[in-house]
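This report refers to the structure that appears directly beneath it.
Every number in this text was worked out from the coordinates using simple rules, so none of it is lab data. The structure presented is a predicted model; accordingly, all values stated were derived computationally and were not measured. Positions of Cβ are generated from backbone atoms using ideal geometry, with glycine treated the same way; all protein chains shown enter the neighbour counts.
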Amino acid sequence: MNGLVKTVVVVALIGSSTVASASVFDFSYVFADGQQVTGDFTGTTTNGGQSVTNIGNIQVQLNGIAFAPVGGVGNPTLQANAWVPSTAAFSDTAPVTIYANGALNNFIISDVDAATSASPDYEFGYINDSTNGIYQVVAANFLQSDSFSKAEGNSTQLALDSPGVASSWTLTEVTAVPLPSTLALLASGVGLFGLRGYRRRAA
Amino acid sequence: MNSQLEPVRPSKIAAAVASVLALGSASAFASVSIVQGVVGGAYFTPPVFADTAAASSPATTAASVYAGAKVCFDLNGNGACDAGEPFTTTTSTGSFKLSSSTLAPLVAEISTSATNNGNPITSRSVFRVNAAQIQAATKSPLLAATVNITPLSTEVALAIENQGLTYSQAVANLAQRIGVSNTSNLLLPPTQITSPSDQDAVIKESVIAQGRLTLAAKFVDRGDTVGELRGNLDCPNVASFDPTNADGCTGTDLDTVAIPAAQKYAFNLEGMPQYDYVFVIIEENESQSAVVGSGKAPYINSVLTAGGLVYNYFSTGDPSEPNYLALGGADDWGQTGDEALPYPAVQGVKPNLWNAMDAVGLTWHVYEGSLWPTPAGTQQNVAGATSWNQATGGLWFDNPAESSIKGADGISYGGSLRAVKHNPAVWYADAAAQPNFASNSRSVSGAYGSTDVNGNAIPYSYPSNTNSTNGDNYTSAGNWDNALQAYATTNGITSWWTGNSQPWTVDQFKADLQSGNVANYNFIVPDQDDDMHNPGVVPRADYWVENIVAKIESSAIWNDPTKRVAIVITFDEGESATTACCGWNPERSGDGKAQLVTFTAGGAEVSSVSALPPYTEAYMGSGGATPVTFTPPPYSNGNHGHGVTTFGVYTNQIALGNVPGGNYDTDYYSHFSFVRTLQDIFGLADPGQPGTYMNRSKYTETFINQNATVLPEFAGSANPHFDAVRPMNHVYQFPAGVTHVAPAGSATPPVTVGPDANQNNLWRTQ
């Protein structure tokens, strides 16, 4: 038992040393027609701070309406999938990278695994695929769109651009936070010290 | 950044969507859909018709977008934007963006609140997109697909729904049919097509389709029934409908239709399929019995056998001229003889086929044999002729040089060789005044030794063709085509119609077939030695017809399975009984009797009713419900038909094996029926509005029933079925127990009793 704990601590320390930083990021995209997507997620900066990986804890709002069930009941878990130009499909294994330079983005955020499901309730996609000629930023709240459509059409719940230069895209690091692995390391360290103190007392 | 990509694997989403799409196009699918595109088409400015060229103007077309159109995902597949279906409205540029939690067909409702290139819309229409088109444009359901909603996308949807084609097949067929070289242009809004030729083709087809789609919306809005739309004219749900008629409504005939079915019927008006090209070869003055089964006309008989024959086709006048007027506009306008007419005879903007074709963006040509070569800058063959000889009968254009033209046999070109009266367009003032009239009047040759459009000799097998002393020999009269060509060459005549730089040719018909520049409607007129008019030349005319048909058969359009091409061989009149039928009731010439064919319940003809004075009738006008005053032309001399003559239809759909040949139809038809049929084939009228059919062609049983109190000419008819105009669709079924026999002058048809279930619509394409 004692040997296993030591091993865990060593691995955690190595992992911590390879991560540049973990932060909360805010993002926004203003469409040509004035509609706006905003949100945040956690991730890890890479590429000299120009991109983010390890995306998690995603929150998205389209025109201020959260990607959440109608009536606000429940909290959907949003996930990001990468768009892979060589297969012209979303992937559930390729790593997702979100860039500060929007012209490099190829991702989608939705409440489903976009690689296997064609029926999300919400989505925010940002595609720059020169291989297949797909350049679009799309945000849709399908639940809201159907209800809105009864009265006024769904244009307020569908935003769609074919951007050339993504000048309206912003990605901002808000604050650095401990990554889960870091928290685990910290907890492990605290526990280790506690264990050693306990052993001393026991001895 | 991680540059390692996952291994390639099939898209699970694409497979799932494909599987649900295979279920059909009208249902919603388990996939979201995001689309963007443009609602586009064409803006068509109809011609201005007038009796003078100065007051006339041609049609114009332009690529267009529809602003203010309502676009929706049609979740229930009814072709309408219903409550609860995701919708949006097109912008000023015609663009739209729309999403749905379920993939479904798209509908664009173009109401009168929308605009077409900024112009008001007077009658609504609906454009559609089949779900298969969305799927084909979709890279991923979660990404927006570019899908334009146009008249042509609607035609593709109809082909998928009604012809069982896949999306790619439907696109390829339509592109080939209308001549779009790059299929990726087919479903673009015309404003985005950069290829001029493809853009022209798409715009022209858009104009044609938009007219039909507008008609379809009317069908739905009026609550038209299946029976009405399939051409059962006894079926309309009106108070005057007589339920005792044996040909009453059956099955779903009284059901109303939604947009998808209405659009299907709009391209198949009264059971008449849309044809791209119709060629009418008109011969002269022979009863059906003199042609059908005659050894002197082996080729014509072979065509009738391969295609289909109408056994009871009536001319509407005697002599020729009233019949040609009728063939041009379903009325003879009071003309009862071949006497001199003022030129042009029919003035006052009277409805006619030529203007009607122009009015919907379709084209027409009249090809005439032995047409005199015309020096550039003159129009002596056509409108504005200076050598029009009214004093000698007013039938021909005289030319001082014509006696110098001699055929190989030494016979001079006769001054009466080319009968202008046989041109059914030249008499309508507002047709002749149109800017395109001169270029629509063209030449045709059926000369011996002709070759088809591919340069292959046209064989002729009539056994007496080597007997130069036989009056039935095709060489027994002059052959002037080559001499006319030589005359043109000698005199430096290189353009035979005004304003056209095309070199003069003695056979422009052949040249047009080679180039694909024939019109949608082509009326082909032989000279009087090739049309059976002159005695003893039936074999010569048979040979001439063979030459014409062979040229059509060798053309690319005939052999293209995506194009619908029909050849009609008919005559201006018969030569036997002075009988007529089908909505025609001027009095008999000199006998003081109205020429109304009236039958007993057993089918026997009974005596005619008394002659009628000119009168004003109130008929159900273009609105279909409001009586409108209509004054038929007076008949000072009376008139009558000239019995049954030959009418055959041969289509490339038969030749290509899509439908069987060897058909016959014993229903009663006339020139008026044929004109009505052409209006259906080309989408020129609205079956639900009788007044939209021109002149006497509106005299259907429905029309007669609706207007019986103001149509005294039908008051004495024992059975109005026999007296009504019907489209040539063979929907009419004779009552049970009625023996259906041919009238005098016809060949021996099958005698049928009651409904003739073994007969067919000769024009059918499926």
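Some notes on this structure:
- Charges were assigned to the Cβ only: +1 to each Lys and Arg, -1 to each Asp and Glu. The resulting dipole of the range B:264-372 about its Cα centre is roughly 400 debye.
- Taking a sphere under 13 Å around the Cβ of A:F67 and counting the other residues whose Cβ falls inside, with K and R at +1 and D and E at -1, yields a net charge of -4.
- A dipole drawn for the range B:27-216 from +1 and -1 charges on Cβ atoms has a positive end, and of B:A157, B:P141, B:P58 the residue lying farthest that way is B:P141.
- Projection of the Cα convex hull of the range B:507-560, averaged over all directions and equal to a quarter of that hull's surface, yields 3.8 nm².
- DSSP-loop GluC sites (Glu not before Pro) across the range B:264-368, with at most 16 other Cβ within 10 angstrom: B:E339
- Over all other residues within a Cβ to Cβ distance under 14 Å of A:I98, the charged ones net out to -3, with Lys and Arg as +1 and Asp and Glu as -1.
- Residues whose placed amide H lies under 5 Å from that of B:A42, excluding near-sequence neighbours: B:S64
- For B:F49, the shell of other residues with beta-carbons less than 10 Å away shows a net charge of -2, using +1 for Lys and Arg and -1 for Asp and Glu.
- Test item: B:66-76 mean partner chain Cβ contacts at 10 Å: 1
- By the Cα gyration tensor, the range B:27-216 has an equivalent ellipsoid whose semi-axes, rounded to whole angstrom, run 29, 19, 14 from largest to smallest.
- Only the Cβ atoms of Lys and Arg (+1) and of Asp and Glu (-1) were treated as charged; on that basis the dipole of the range B:27-216 about its Cα centre amounts to roughly 200 debye.
- Label-point separation in nm, B:T122 to B:A55, each point 7 Å along Cα→Cβ: 1.8 nm
- Among the listed pairs B:K406/B:K510; B:K70/B:K139; B:K218/B:K264; B:K139/B:K264; B:K97/B:K218, those with a Cα-Cα distance over 20 Å are B:K406/B:K510; B:K70/B:K139; B:K139/B:K264; B:K97/B:K218.
- Ordering B:V129, B:V32, B:S206 by Cα displacement along the dipole of the range B:27-216 toward the positive end leaves B:V32 in first place; charges were set at the Cβ atoms of Lys, Arg (+1) and Asp, Glu (-1).
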